[in-house]
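J.: Sharing a structure below in structure tokens format, with a few things to ask.
The values are calculated or read from the model by the stated rules, or taken from the named source; none is laboratory data. Predicted model, so just to flag it, every value in this text is computed and none were measured. Note: ideal-geometry Cβ built from the backbone for every residue, glycine included; neighbour counts use all protein chains shown. Heads up: the accessible areas ignore ligands, DNA and RNA and are worked out on the full protein's heavy atoms, side chains in. Shrake-Rupley method; radii C 1.70, N 1.55, O 1.52, S 1.80 Å.
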Amino acid sequence: MASQSMEIMAKALEQQVLQSARMVEEKLDAELGKLERMDDDEMEKLKERRLEALKKSQKQKQEWLSKGHGEYKEIASEKDFFPEVKESNRVVCHFYRDSTFRCKILDKHLSILAKKHLETKFIKLNVDKAPFLTERLRIKVIPTLALVKDGKTKDYVVGFTDMGNTDEFPTEVLEWRLGCSDIINYSGNLMEPPTLTQKPGSKFTKVEKKTIRGRGYDSDSGSEDD
């Protein structure tokens, strides 16, 4: 009985794979047919549009790089925070402390994401050098990521709650969390974190877009060294 059920499931899966392959093939055939029907003038216009889009993309990339995107860097003081967020549309700022182990975990992931998502600037700031800013942004748990869009702090990632309450979350989970706040261009499924296996005791929380006044920091760990 079990072997019969497995055979039925295998056949159903095979049919799904074949159907998906046919859909992809039909789409490719349609695109090729469209290209074959184009005359020389239409082909030339298509090439020009693609070249223009490529030039525009390269120009945007160079602009981001000139503003410090593409690398994860530390800013010296809270006075540097405002110029940094003013010149870039999207900024992730890691408020950290040297003595907090979890900050070092975030450093590793943010270094990877900074290189992958050039559209966003990734910076870090030592809270001991930023007492005014830390109080102004109501940062009570370390580490905290402030997500700044168009010069305004739109959301926070406080501790590791949104990453499953585990120190061993993959970079993709943090990437998903940032995507939920539209602070990076995320191409995956925002409805659920990109993980199929979770360690015992880990629990992902539903993420919603929130403003500065939309999060209760005292309800997290209650301490600065999270």
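J.: Before we move on, is K140 closer than 29 Å to N189 by Cβ and open to solvent by 10 Å² or more (accessible area, probe 1.4 Å)?
T.: The answer is no for K140.
J.: What pairs come up if the first residue lies in the stretch 143-154 and is farther than 14 Å from F122 by Cα and touching a residue at least 60 places away in the same chain (Cβ under 8 Å), the second is open to solvent by less than 50 Å² (accessible area, probe 1.4 Å) and hydroxyl-bearing (S, T, Y), and their beta carbons are under 6 Å apart, counting only those six or more places apart or on different chains?
T.: Listed by first residue and then by second, the contacts come to P143/Y96.
J.: So which of K56, K79 ends up being open to solvent by 80 Å² or more (accessible area, probe 1.4 Å), modelled with pLDDT under 85 and not in a loop (DSSP other than H, G, I, E, B)? I'd like the intermediate steps shown before the answer.
T.: Values: K79 fails: modelled with pLDDT under 85.
Residue meeting the stated conditions: K56.
J.: Using the structure shown, decide if G214 is modelled with pLDDT of 50 or more and surrounded by 11 or more Cβ atoms within 10 Å (Cβ to Cβ).
T.: Spelling it out, it is not the case that G214 is modelled with pLDDT of 50 or more and surrounded by 11 or more Cβ atoms within 10 Å (Cβ to Cβ).
Let's see how each residue does on (1) under 19 Å from the mean Cα position of the chain (by Cα); (2) free of Cβ contacts under 8 Å to residues at least 24 places away in the same chain:
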| position | (1), (2) |
| --- | --- |
| D39 | no, yes |
| M43 | no, yes |
| E48 | no, yes |
| S66 | no, yes |
| V85 | yes, no |
| D98 | no, no |
